[in-house]
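FYI, it's all coordinate maths here, none of it is from the lab. Computed from a prediction, not measured in an experiment: that's the story for all the values here. Every residue, glycine as well, gets a Cβ built from its backbone with ideal geometry; the counts of neighbours run over all protein chains shown.
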Amino acid sequence: MQLLRVGYAHPLEDLRDEMDRLWNSLTTAPPLHGWTRQSAKEAFPAINLFETAETVVLEAELPGIDPDALEITTLGDEVTLKGHRDEPDVLSQDTPTENTATPTWHRRERGIGEFVRRLSLPTLIDPEDVEARLQDGVLTVTCPKAAACRPRKVTVTST
Amino acid sequence: MIASSPTSPAERNQLSGSSAEQRLTYRPNVDVATCDDILVLIADIPGSSASAIDVQVEDGVLSIDAAVPARSLPGTAVRREYGIGGYQRSFQIGADFDASQTAATYRNGVLTIRVPRLAAEQPRTIPITAG
């Protein structure tokens, strides 16, 4: 009999997890980060970051996420995006409301569930004037840099 | 029943140096369901607009072609985790659906397409005569 040390997972546990995951991928919607390992949970949404002398601009693609379902917090040089995406509304608004047919899924690629993404910005930002805009599923967060982090022109005087 | 076309456009998240100039085409994530004899396709197409999306049903193939205008953000890129480009994908839906009744809406970066099934032929009762 093979002995296992406490805290070590049995190799077959991994296999079972993989099989569960495979089966789930056929029948349910994927999590937002896709059918990857849980450690990739922090990888949604993907972010593009741009920097000017005055601001740091963050852009993320969040299709199907309502502004109400999104929470943005800042702390120091860190921005946290937190939110969730619900099951898609398959029944159209123009079908009668008493219609309670359940959809039959043929393909589920769009992830649903919750996400939290923490991101360190290149500089400290001024939390008072952060602006966030969500349009057509694209989030743009404009963060003005903290005064101490903006470039300052030094005038040179000659004596 | 509903098969995605075997096209393999550029991988999402594949980044290149000068992605601002380079126009890539991506394959959107899609949910497909049937509900009450209506085929429903839901596609993630962030950054497009209703007028820039072309949905066609022809010969039993439903195709989505969405243009995404380039977004210019100021300054220099510090981090690039995704590229920006159009979305294309097509599905074989067969001849059971009524292409002329296709309806599509675009909201919050999500395209929803509904195609009703063709009205089924009424079952015929064949009278039996005793003779």
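Here are some notes:
- Extreme residue, farthest from the other protein chains (Cβ to nearest Cβ), among residues of the range B:70-102 that are without any contact (Cβ under 8 Å) to a residue 24 or more places away in the chain, over 19 Å from B:Ile53 (Cα atoms) and within 19 Å of the chain's Cα centre (by Cα): B:Asp98
- From the list A:Arg118, A:Arg133, A:Arg85, A:Arg107, the lone residue that is buried (at least 19 other Cβ atoms within 10 Å of the Cβ) and within 27 Å of A:Phe44 (Cβ to Cβ) is A:Arg85.
- Counted residues, the range A:124-144 - those being of a type outside the set (A, V, I, L, M, F, W, C), more than 11 Å from chain B (Cβ to nearest Cβ) and outside any loop (DSSP other than H, G, I, E, B): 6
- Qualifying residues in the range B:79-100 (those that are part of a strand (DSSP E or B) and among the aromatic types (Phe, Trp, Tyr)) - the one surrounded by the most Cβ atoms within 10 Å (Cβ to Cβ): B:Tyr87
Per-residue answers, yes or no, for (1) over 25 Å from the mean Cα position of the chain (by Cα); (2) not acidic (Asp, Glu):
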| residue | (1), (2) |
| --- | --- |
| A:Ala60 | no, yes |
| A:Asp66 | no, no |
| A:Leu70 | no, yes |
| A:Gly76 | no, yes |
| A:Thr80 | no, yes |
| A:His106 | yes, yes |
| A:Glu131 | no, no |
| A:Asp136 | no, no |
| A:Arg152 | yes, yes |
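- Out of B:Thr105, B:Thr112, sole residue that is within 12 Å of chain A (Cβ to nearest Cβ), more than 21 Å from A:Pro45 (Cβ to Cβ) and in a strand (DSSP E or B): B:Thr105
- Candidate set from the range B:33-54 (those that are hydrophobic (A, V, I, L, M, F, W, C) and more than 19 Å from B:Asn108 (Cβ to Cβ)); member that is nearest to the other protein chains (Cβ to nearest Cβ): B:Cys35
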